[in-house]
Structures are given as structure tokens and as C-alpha cells.
Amino acid sequence: MKKNFLILVSFLVIGLFASCDRGPERPDYFYRFKFNGVEKEFKASTDADIIFIDAPGGLKLATFTMVSGRDTDRNALIIGLRYRDEMLRSYEMQTPIMVNGMLSPTLTFFYLDENGKAYLATLLQSQNPGARDDGRVAFTDITPEGSFGTFEAVVFDVTEETSELSARQAFTITEGEFFLPNVASIRTE
């Protein structure tokens, strides 16, 4: 009888500890998109996030780091956003912003495919005749757990050797969606 009682108490104690709250679990952060029509979907690693930075002179930056696993040289997408004043819900790459006295694109896109091949969209069309670089980012919801949003871009192979911008082969990123953790704003001086 004593032995049965000890077994029962042991199971109750184990059950009690097993049901204890282990703290908040990390939400299922993700990013997905189509690259030239091919679906890409990833669970975001712990290195994925959005960092907001207040830079000198009123310039604000947000860096979207979309990575999965530990190999950040593959299946990674980085979006850089420059803005002033309050954050808006959507941004377009070809709406220029003044940075250090020069017109610059509001957004830049850098994508590394599953083989580590790099693609980039960073040129402002008004300053680079023939350039077709383009992109958009929109926040659909900003919560305490992170930000949800959409994105799309026209990117180019960074190793392509043509000097004529309009002759470069365009690659499309479409139907992009993300849910990424927000990192508190960082102020630089």
C-alpha cells in the first residue's frame, strides 16, 4: 500500500511540474514570397528581426533581416528602409529620400537564394537612366510580438557584367509576406 501511494505521489508531482508554465513561447515568425514565380517559405530563425534606428539629422532606418537556420548566406532577404518623421504603413523604393545631401531610394533589397547567389535592388531610377530596380514594403499590423507586412521587388544579379542598366535581366520577388519580431529603437549620435 505504501509503495502504491509513493508511485501515485510521484506521478502527481511529475504531472504538476510537466504542466507548469515554461514561460512565453516564441511566436512562429516567418517570411515567404515567390522568386520569379517559385514559392519560397521559411520559418524565421532567432536571428531574424526588424531593427529600428534613429540616426543623426532626423534620419530613421529600419532593417528587416529575414534568415532561417544558421546559414545566413542562403535563403536570406534583407530590406533596408530609410524614412523621416513618423513611420508610415507603406513605402516605395522609388520615392526618394535625401541622405547626406544626396537623393537615395527609400528601400533597398538584398536577396541570397538557396545557392548563395546574390540579387540586389538599390538604384534610384531618376538618378540612373535605364535602371528598373523597384520595390515596396507595407506594414499590415504592428503588435507587441512583432510586425506583419507585405513586400515585392524587382532585383538584379549582382555579378551580371553588363554596363547598360536597361539590359540587365530582371528577377521578381512577388507576394511577399512576413511576421518578424521588432527590436526596440536604437538611437545613434
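The values are calculated or read from the model by the stated rules, or taken from the named source; none is laboratory data. It should be emphasised that the depicted structure is a prediction, and the values quoted were computed from it without experimental measurement. No Cβ is skipped: glycine too gets one built from the backbone with ideal geometry, and neighbour counts run over all protein chains shown. Remember, those area values only see protein heavy atoms, side chains included, never the ligands or the DNA or RNA. Shrake-Rupley method; radii C 1.70, N 1.55, O 1.52, S 1.80 Å.
Only one of the numbered conditions (1) hydrophobic (A, V, I, L, M, F, W, C); (2) loosely packed, with under 13 Cβ neighbours inside 10 Å; (3) under 25 Å from Arg32 (Cα atoms) is violated by Met102, and that is (3).
For residues in region 153-182 being within 12 Å of the chain's Cα centre (by Cα) and open to solvent by 30 Å² or more (accessible area, probe 1.4 Å), which is nearest to Gly37 (Cα to Cα)?
Taking the candidates together, the pick is Glu177.
Yes or no, residue by residue, for (1) within 30 Å of Ala153 (Cα to Cα); (2) at pLDDT 85 or above:
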| position | (1), (2) |
| --- | --- |
| Ser10 | no, no |
| Ile14 | no, no |
| Ser19 | no, no |
| Lys40 | yes, yes |
| Ser45 | yes, yes |
| Asp49 | yes, yes |
| Gly69 | yes, no |
| Asn75 | yes, yes |
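The residue pairs whose first member lies in region 81-108 and is within 19 Å of Ile51 (Cα to Cα) and assigned to a loop (DSSP other than H, G, I, E, B), whose second member is modelled with pLDDT of 95 or more and acidic (Asp, Glu), and whose beta carbons are closer than 7 Å, counting only pairs six or more residues apart or on different chains, are Met93/Asp133; Met93/Asp134; Thr106/Glu92. Consider Thr95 carefully, then state whether it is open to solvent by less than 70 Å² (accessible area, probe 1.4 Å), β-branched (Val, Ile, Thr) and under 22 Å from Leu165 (Cβ atoms). No, not satisfied. If you go through region 57-72 one residue at a time, do you hit one that is under 20 Å from Phe171 (Cα atoms) and exposed (fewer than 13 other Cβ atoms within 10 Å of the Cβ)? Checked against the condition, which is being under 20 Å from Phe171 (Cα atoms) and exposed (fewer than 13 other Cβ atoms within 10 Å of the Cβ), region 57-72 yields no hits at all. When restricted to residues that are under 15 Å from Asn182 (Cα atoms), without any contact (Cβ under 8 Å) to a residue 60 or more places away in the chain and part of a loop (DSSP other than H, G, I, E, B), region 27-67 contains 4.
Looking only at residues of region 57-68 that are under 14 Å from the mean Cα position of the chain (by Cα) and small (Gly, Ala, Ser), we find that the one that is farthest from Gly146 (Cα to Cα) is Ser68.
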